[in-house]
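Please read the structure below before turning to the comments.
Values in this text are rule-based calculations from the coordinates and carry no lab data. Just so it is clear, the structure is predicted and the values come from calculations on it, not from any experiment. Note that we place each Cβ from the backbone using ideal geometry, even for glycine, and neighbour counts take in every protein chain shown.
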Amino acid sequence: MKILTRSIFLVGCVSFFAIVPKTYAQGEVRPLGAWLFDEGLGKLNRVAKGTLKDNSGNGFDGEIVGSPKWRWGKFGAAMQFGLDPDDNEGTGWSYIKVPYHKDLDLSEFTFTAWIKVAAALEPLQMIINREVNPDLRNYALWIRTPADGQLGGQGDSGHFACAIGSTFPAVKHIGVKKTRPVTDNKWHFIACSFDGITMTAYIDGKKEAAEENKVDQGLRPRANKPKGAPLLIGARALHGWEGNQRPFKKGVEGISGLVDEVALFNTGLTAEEIKGIMEMGLAGKYEFLAVNRVGKLATTWASLKAK
């Protein structure tokens with residue numbers, strides 16, 4: 001009887017979340033997109049194919065491009081990106097492509113992700129990117145090297161950066177361009193928050209650096225419409241996008257390493273909120289994600305935190 005009761009309870013919970021608007025405690029913000037990578041459980045060390053699910057329920061599923069591999073992650077499964085031996089689409093890289101949608105054009109945002117990267121590779125390693133070069137950058141997060149010419153000059157080896165506005169010239173964008181290095185082959189929780197005025201970067205729950213927007217210059221995240229750039233996880237397009245096509249060139253500046261638990265919010269989160277996501281994991285912080293997470297119970301997933 002206990003088993004039957006529990007099954008009925010779970011079905012009821014799933015039905016409840018499916019028909020009731022997703023609301024939270026007063027002041028709590030829900031993710032606009034959440035990619036937990038747990039399709040890979042049961043497929044570890046295999047090549048990932050098909051679709052990466054957006055567990056937020058908002059439908060921002062991503063196409064798995066190339067031959068990334070499923071690995072054990074920080075919470076459940078993760079994806080290993082890097083040079084693609086199949087030379088996918090002429091890029092030589094693997095990545096996730098979330099098709100263009102107007103709701104991904106943001107004036108404020110927060111991105112969070114877990115990454116594990118062993119080395120700084122020139123010129124840069126793009127983690128999350130949504131832009132039409134050279135002028136329409138909505139947002140971008142990456143790892144810099146001395147060969148990185150963005151943000152008004154050369155980069156620092158292994159440092160995390162994030163920016164909005166144009167890719168070039170520097171006077172048309174703002175960004176945090178220097179944090180401590182994150183290329184030590186250890187898991188790091190990175191976050192970039194922009195509230196419309198200030199952009200702040202965090203590593204492992206601690207504020208690293210901030211840059212204030214020059215409001216009088218009108219600097220802001222640039223909307224991609226009508227060119228329709230997708231959201232990319234694990235790579236960067238080196239040319240503009242037209243109609244969600246793929247004008248890449250070989251040598252796309254992608255990340256070589258593991259990525260887990262990527263989330264996008266349409267507002268700037270506080271330091272306390274960001275720390276909560278890091279400590280609890282997305283499914284621990286947001287109950288509805290646990291329900292959406294490959295049909296498993298939240299208590300099950302809480303026990304899967306990697307070493």
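At-a-glance table
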{"read-out": "Under 5 Å, built H, 5+ apart or other chain: amide partners of residue 155", "value": "145, 147, 148"}
{"read-out": "Peptides 60-73, 175-188 ordered by average Cβ neighbours within 10 Å, highest first", "value": "60-73, 175-188"}
{"read-out": "Pairs from 186/207; 53/206; 186/275; 207/285 whose Cα-Cα separation, in the structure shown, is over 24 Å", "value": "53/206"}
{"read-out": "Ranked packing of 48-54, 142-148, most packed first, by mean Cβ within 10 Å", "value": "142-148, 48-54"}
{"read-out": "Sum of side-chain charges, residue 45 neighbourhood, beta-carbon under 13 Å (Lys, Arg +1; Asp, Glu -1)", "value": "+4"}
{"read-out": "Residue-wise HN-Hα coupling along the stretch 105-121, computed from phi with Karplus coefficients 6.51, -1.76, 1.60 (Hz; x: Gly, Pro)", "value": "7, 10, 9, 9, 6, 9, 10, 10, 6, 9, 9, 9, 10, 8, 8, 8, 10"}
